[in-house]
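The values are calculated or read from the model by the stated rules, or taken from the named source; none is laboratory data. Being a predicted model, the structure only gives us computed values, none of them experimental. Cβ atoms come from the backbone with ideal geometry, glycine included; neighbour counts cover every protein chain shown. Keep in mind that these areas ignore ligands, DNA and RNA; they rest on the heavy atoms of the full protein, side chains included. Shrake-Rupley method; radii C 1.70, N 1.55, O 1.52, S 1.80 Å.
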Amino acid sequence: MTLDELRAVVAAVPEKDWLDDAEARVRADPDAVAPLFARAGRKLGRQPLPDRPGWTAGQAGRVLLLAALDDPGRVAELYWHGDAAERLAVLHALPLLGMGDAGVPLAEDALRTNDPRLVAAALGPYAAHLDASTWRQGVVKCVFMGIPLSVVDRLDDRADAELAAMLTALARERAAAGRRMPADALALLNRHLLRKED
């Protein structure tokens, strides 16, 4: 999703005027961002956005406030001091803000949590900035936590022999414990094996 697409979706939100004013205030005074960022969830609502799975109006508004801020250091501060919903908005914003590698510590932190929403968001488009080892561990964590692998951006492009070995080891552990691997993880392993044979 792009910032323009977010703006188009949020245009129909009843509190759109509040968001317009909040963005203008952040552009004029970056110090105003913290309370506005925190308030956006309540002001804009937590209802899901149409045709945007996993997004709410409040999250979209928070992302637009971060875009108006245009300050990677402050974005990181909002993540570290935010609650889970605020951290989720920052993670969603990372690929849209042009922060380069500045957001890597935030994504790495999200992958250490046990919040499936944060783990999934960390493996979205911004995960291209994660090193291979961290990315692989994130994919295995998705399998372990039951998070669908469809959330992982460029999964087939980045899957490699080391990830396949990690998933194979996990499959053996689960089989020994009488537990199954998720179907999407088995499908990924099968695709990798077929690719190796080509």
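Please list log₁₀ I(q)/I(0) at q = 0.10, 0.12, 0.17 Å⁻¹ for the chain, using the Debye equation with identical point scatterers on the alpha-carbon positions. Each listed q maps to, in turn, -0.46, -0.63, -1.05.
Available extension along the chain between A177 and A28 is 47.8 nm, counting 0.36 nm per residue and deducting the alpha carbon span. Heavy-atom accessible surface of the chain, averaged per residue, reaches 51 Å², computed with a 1.4 Å probe.
Give me the net charge for the shell around T113: Cβ to Cβ below 11 angstrom, other residues only, Lys and Arg +1, Asp and Glu -1. Result for the local shell: +1.
Evaluate E = 1/(1 + (r/R0)^6) for H81 and A187, where r is the Cβ-Cβ distance and R0 equals 41 Å; express this FRET efficiency to the nearest 0.05. With R0 = 41 Å, the Cβ-Cβ based efficiency is 0.55. The magnitude of the dipole of the chain, with charges of +1 and -1 set on the Cβ of Lys/Arg and Asp/Glu and taken from the Cα centre, is near 820 debye. Charge dipole of region 1-93 (Cα centre as origin; +1 on each Lys and Arg Cβ, -1 on each Asp and Glu Cβ, all else neutral): 300 debye, rounded to the nearest 20.
Normalised by 2.2 N^0.38 Å, with N the number of residues, the alpha-carbon radius of gyration of region 96-198 equals 1.08.
So if we plug the beta-carbon distance of D153 and D21 into 1/(1 + (r/R0)^6) with R0 = 41 Å, what FRET efficiency do we get, rounded to 0.05? Let's see the in-between values first.
Values: r = 33 Å, r/R0 = 0.82.
With R0 = 41 Å, the Cβ-Cβ based efficiency is 0.75.
What's the longest uninterrupted piece of the chain once you rule out the trypsin sites (Lys or Arg not before Pro) that are loop residues per DSSP with at most 13 other Cβ within 10 Å? In short, 47-153. Can you check what the net charge comes to around K16, using other residues whose Cβ is under 12 Å from the Cβ of K16 (Lys, Arg +1; Asp, Glu -1)? Net local charge, K16 excluded: -3. Each label was represented as a point 7 Å from its Cα along the Cα-to-Cβ direction; for T168 and D70 these points are 5.1 nm apart.
On a full-extension model of 0.36 nm per residue, what is the gain between A38 and Q137, subtracting their alpha-carbon distance, rounded to one decimal in nm? Mind showing how you got there, number by number?
Numbers: separation 99, 0.36 × 99 = 35.64 nm, distance 3.09 nm.
Answer, rounded to one decimal: 32.5 nm.
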